[in-house]
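The next block holds one structure in the form of structure tokens; read it before the comments.
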Amino acid sequence: MLAAIILAAGASTRMGYPKALLPYRGRPFLAGILEACFAVGIEKRVVVLGHYADKIKENMDLSEAVVTMSEDLDAGPIGSIRAGLAALAPLPVDAVLVWPVDRPHVAVATVSALLDGYRETHRPIVVPVHGGQRGHPVLFARPVFAELLGAPNDEGARAVVHRDPTRVAEIAVSDPAVLEDFNTPDDYKELLRKEDRFRGE
């Protein structure tokens, strides 16, 4: 069983608005990611909320996802990963795709390539690589779940990824979106400009 943990607990301090609700391709960031996960066959999807939780729940239908809260917002993303894993603990999940909510434009084909890479290599960590740089989302298999739960807050999941290079499968992708996150209104405007150019081609 594959599952997705979507990280949407951040304060969006520089953006000034919850990233999960920013419109992209006619729907909020979070909705697009949920749809992309479903499109590649990941039906069990956990949305981890924190800051803006009430606003997000009021403005989105999350009935088809498992919604949980990060109890340690100061820990950052690793706190949300722990919350997501805790929500999935009763289930026989083999691997989770950890997807930050500020990567709504990662192509479905890219996610499919990560899943294929996991099935082909059987490595417990699978990361997309574009232009020699590692990006997101990242797949973690059950053998490293305990390490994620115990990872230090200051390093987070990076500590798990860097611990043993031999257990990491790097999947080369042509999708620059795996490297691009959005933290400011200008970042968001650039995303929309790129989308407009794409549609105009």
Here the residues within region 131-142 that are surrounded by fewer than 20 Cβ atoms within 10 Å (Cβ to Cβ) and more than 18 Å from Gly84 (Cβ to Cβ) are Gly131, Gly132, Gln133, Arg134
Does Ala87 satisfy being closer than 17 Å to Val160 by Cα and small (Gly, Ala, Ser)? no
Scanning for something surrounded by fewer than 14 Cβ atoms within 10 Å (Cβ to Cβ) and on the phi > 0 side of the Ramachandran plot, does region 108-130 turn up at least one residue? yes
Run down Asp196, Asp154, Asp181 and say which single residue is outside any helix (DSSP H, G or I), at pLDDT below 95, out of contact with any strand residue (DSSP E or B) (no Cβ under 9 Å at 6 or more places or on another chain) and within 30 Å of Thr13 (Cα to Cα). Asp154
Odd one out for Pro90, checked against (1) open to solvent by 60 Å² or more (accessible area, probe 1.4 Å); (2) at pLDDT 95 or above: (2)
If you take the residues of region 56-67 that are touching a helix residue (DSSP H, G or I) at 6+ places or on another chain (Cβ under 8 Å) and open to solvent by 80 Å² or more (accessible area, probe 1.4 Å), which of them is nearest to Pro92 (Cα to Cα)? Glu64
Among strands (runs of 3 or more DSSP E) entirely inside region 1-120, those with 3 or more residues being touching an Asp or Glu at 6+ places or on another chain (Cβ under 6 Å) and within 15 Å of Leu139 (Cβ to Cβ) are none
Scanning region 68-87 for residues that are of a type in the set (A, V, I, L, M, F, W, C), over 14 Å from Ala4 (Cα atoms) and open to solvent by less than 60 Å² (accessible area, probe 1.4 Å) gives Ala75, Ile78
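Every residue, every condition in (1) in contact with an Asp or Glu (Cβ under 7 Å, 6 or more places away or on another chain); (2) on the phi > 0 side of the Ramachandran plot; (3) in contact (Cβ under 8 Å) with a residue 60 or more places away in the chain; (4) exposed (fewer than 13 other Cβ atoms within 10 Å of the Cβ), yes or no:
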{"residue": "Val144", "(1), (2), (3), (4)": "no, no, no, no"}
{"residue": "Asp175", "(1), (2), (3), (4)": "no, no, yes, no"}
{"residue": "Val178", "(1), (2), (3), (4)": "no, no, yes, no"}
{"residue": "Phe182", "(1), (2), (3), (4)": "yes, no, yes, no"}
{"residue": "Glu190", "(1), (2), (3), (4)": "no, no, no, no"}
Go through region 29-52 and count every residue that is touching a residue at least 40 places away in the same chain (Cβ under 8 Å) and within 14 Å of Val101 (Cβ to Cβ). 14
Give just the number: which of (1) out of contact with any His (no Cβ under 6 Å at 6 or more places or on another chain); (2) surrounded by fewer than 19 Cβ atoms within 10 Å (Cβ to Cβ) does Leu30 not satisfy? (2)
Among the residues of region 37-52, count how many are of a type outside the set (Phe, Trp, Tyr) and open to solvent by 10 Å² or more (accessible area, probe 1.4 Å). 8
Answer residue from region 148-166, given it is surrounded by fewer than 17 Cβ atoms within 10 Å (Cβ to Cβ) and within 21 Å of Ala4 (Cβ to Cβ) and is farthest from the chain's Cα centre (by Cα) among those: Leu149
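The values are calculated or read from the model by the stated rules, or taken from the named source; none is laboratory data. Just so it is clear, the structure is predicted and the values come from calculations on it, not from any experiment. Note that we place each Cβ from the backbone using ideal geometry, even for glycine, and neighbour counts take in every protein chain shown. Keep in mind that these areas ignore ligands, DNA and RNA; they rest on the heavy atoms of the full protein, side chains included. Shrake-Rupley method; radii C 1.70, N 1.55, O 1.52, S 1.80 Å.
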